[in-house]
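**Q** This is the structure, below, for whatever I ask next.
Taken together, the values in this text are just the output of simple stated rules run on the coordinates, not laboratory data. Just so you know, these numbers come straight off a predicted model, no measurement behind them. Here the Cβ positions follow ideal geometry from the backbone for every residue, glycine too, while neighbour counts run over all protein chains shown.
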Amino acid sequence: MEYQNITLSLPKQVLQRVKHIAIERQTSVSGLLARTLEELVRQEDSYAKARERHTTLLRNGTYLGTQGRITWRRADIHER
């Protein structure tokens, strides 16, 4: 994987906390951010795939075995 440097601006308090978290996890701030952003990308990709599957399902409909014919009435189904 090819890497590229970026400039990032964070509030000082946030950066101090991030540095402590990175130390606790025995990594660098860059490593911590890289893993966090990689996970974000994986989640977004997974969501996009799920959205596409569901959109396709809605577009194509669901097979109900009726061949488009309804042989019952609402009252028959909901008899009281």
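**Q** So what is the 222 nm mean residue ellipticity for the chain from helices alone, if each DSSP H run of at least 4 adds -39500 (n - 2.57) and you divide by all residues, rounding to the nearest 500 deg cm²/dmol?
**A** Values: 3 runs with 49 residues, N = 80.
Calculated from helices alone, the mean residue ellipticity at 222 nm is -20500 deg cm²/dmol.
**Q** If one computes the Cα centroid of region 10-43 and of region 57-80, what distance in Å separates the two points?
**A** Result: 52 Å between the Cα centres.
**Q** Select one label from (1) 150; (2) 260; (3) 97: the one whose number is volume of the Cα convex hull per residue in Å³ as derived from the coordinates shown.
**A** Computing volume of the Cα convex hull per residue in Å³ and matching it to (1) 150; (2) 260; (3) 97 gives (2).
**Q** Rg and Dmax of region 12-59, Cα atoms, in Å?
**A** According to the Cα coordinates of region 12-59, Rg and Dmax are 16.7, 49 Å.
**Q** Then there is this: Around residue 52, under 12 Å between beta carbons, what's the net of Lys plus Arg minus Asp minus Glu among the other residues?
**A** +3
**Q** What is the calculated FRET efficiency for residue 53 to residue 13, with r their C-beta to C-beta distance and R₀ = 41 Å, to the nearest 0.05?
**A** 0.50
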